[in-house]
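Below is one structure; the comments refer to it alone.
What follows draws every value from the coordinates through simple rules; no lab data is involved. Note that the structure is a prediction, hence the values are computed from the model and not measured. Ideal geometry is used to build each Cβ from the backbone, glycine not excepted, and the neighbour counts take in all protein chains shown.
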Amino acid sequence: MKRPPSFDSFDKLYKGKTVLVTGHTGFKGSWLTTWLLSLGAKVIGFSAYLPSDPCNFMACNLGNYITNIKGDIRDIETLKEVFLKFKPDMVFHLAAQPIVRRAYDDPKLTFDTNINGTLNVLECIRMTKSVEAAIIITSDKCYQNVEWTWGYRENDRLGGEDPYSASKACAEIVCHSYIKSFFTGKNSPKVSTTRAGNVIGGGDWAEARIIPDCVRAWTSGKRAYIRNPSATRPWQHVLEPLSGYLWLGANLLTPGRLHGEAFNFGPDQKINQSVSELIKTFVSYWGDSKWIHKRANDDKKESALLKLSCDKALNLLGWHSVLSFEETVKMTASWYKKFYSGGKDMYSFSIKQIEEYTHLAEKQGLAWMKKK
């Protein structure tokens with residue numbers, strides 16, 4: 001089995017580690033899996049299904065490089081068996097019901113998956129002595145969003161009026177409870193939560209997301225329908241929050257550092273573009289394509305404004321985003337163009353994009369690229 005080149009980053013702390021990634025077939029999970037492989041980690045993936053057809057996991061043939069386990073995060077007995085068998089050193093929990101609009105259609109599934117699934121992971125971590133550290137990924141939507149113009153900080157109020165947001169706020173509370181109740185000893189696993197959102201990048205075909213909706217329509221020769229072109233978001237490439245997750249995880253593997261803390265990972269405050277600006281920029285790299293505004297004929301509320309403050313990540317981790325808005329969109333468009341032009345080795349292409357991103361981070365002096 002061919003392995004990708006090993007990058008000199010994150011203090012080489014992932015090399016040789018057994019890392020369990022829940023939700024590894026998802027968009028973020030599959031990119032995280034690819035990056036972990038490049039760092040020399042042994043990846044155990046646990047996921048219930050493929051999120052779409054096509055999907056990044058299959059496009060990159062990741063099943064050839066990892067231990068791929070099909071399982072539902074709500075099934076604690078199966079999850080326990082995985083922890084007992086593989087004895088992971090590190091856990092990244094991303095398995096979730098991630099679609100805001102789907103949560104309105106099936107709120108029980110959303111709450112069961114996002115709350116009880118997180119509870120099951122924490123319980124397995126509590127019972128498994130091998131686990132040194134864990135990152136629990138929730139969402140920027142865990143905050144009580146009043147749509148103010150400044151970014152939410154990690155100590156701002158949690159909440160959520162829609163099922164998805166509420167489920168993520170509850171997951172944060174469950175994590176905090178386990179950290180304070182069970183993970184307090186010197187040899188306890190170190191656990192932190194992370195919040196990020198509005199991620200774009202190649203390999204995402206999820207429903208009700210801007211770029212995937214456009215790509216599906218345009219590759220079928222159709223117009224894309226956009227629900228809310230004036231809504232603004234802090235768009236970031238998928239590699240941005242993943243670099244934060246990996247660097248936070250590396251810090252947790254250093255005894256006594258940042259255990260129990262929550263972190264936001266997002267782009268520069270200047271990157272808060274409208275949906276229409278995102279599409280126009282994407283089209284400039286993709287090629288001539290059509291879209292029209294079509295308001296949703298339902299009462300599924302979606303926020304018009306949501307920003308995060310990432311000052312804590314900058315001050316405690318030395319982390320900040322790497323890419324400009326234009327670089328973010330260009331990297332995303334180039335991945336899809338490669339795929340739809342018949343690109344057969346998207347795994348190598350994804351590794352190349354990780355390498356390009358890593359080199360940019362090194363030039364900018366990011367902490368996770370500095371050598372001890």
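Sorting 93-99, 10-16, 105-111, 36-42 by average packing, meaning the other beta carbons within 10 Å per residue, from highest down gives 93-99, 36-42, 10-16, 105-111. Going by neighbour counts of Cβ atoms within 10 Å, the residues LYS141, LYS270, LYS168 line up, fewest first, as LYS270, LYS141, LYS168.
Pairs from the table (LYS280/LYS337; LYS222/LYS330; LYS42/LYS87; LYS12/LYS312; LYS12/LYS370; LYS141/LYS330) lying more than 19 angstrom apart at Cα are LYS222/LYS330; LYS12/LYS312; LYS141/LYS330.
Working from the Cα coordinates of segment 75-183, the gyration tensor eigenvalues give, after taking √(5λ), semi-axes of 27, 17, 10 Å in decreasing order. Highest mean packing comes first when the peptides 63-71, 271-279 are listed by Cβ atoms within 10 Å, giving 271-279, 63-71. Out of every Cα-Cα pair that segment 149-212 contains, those further apart than 16 angstrom amount to 63 percent.
Computed from label points 7 Å out along Cα-Cβ, the spacing between SER348 and ALA206 is 3.0 nm.
With the Kirkwood sum run over all distinct C-alpha pairs, the chain has a hydrodynamic radius of 20.7 Å.
Full extension of the chain between LYS85 and ASN228 gives 46.8 nm of extra length, using 0.36 nm per residue less the Cα-Cα distance. For the chain, a simple Cβ point-charge model (Lys and Arg +1, Asp and Glu -1, everything else neutral) yields a dipole of about 620 debye relative to the Cα centre.
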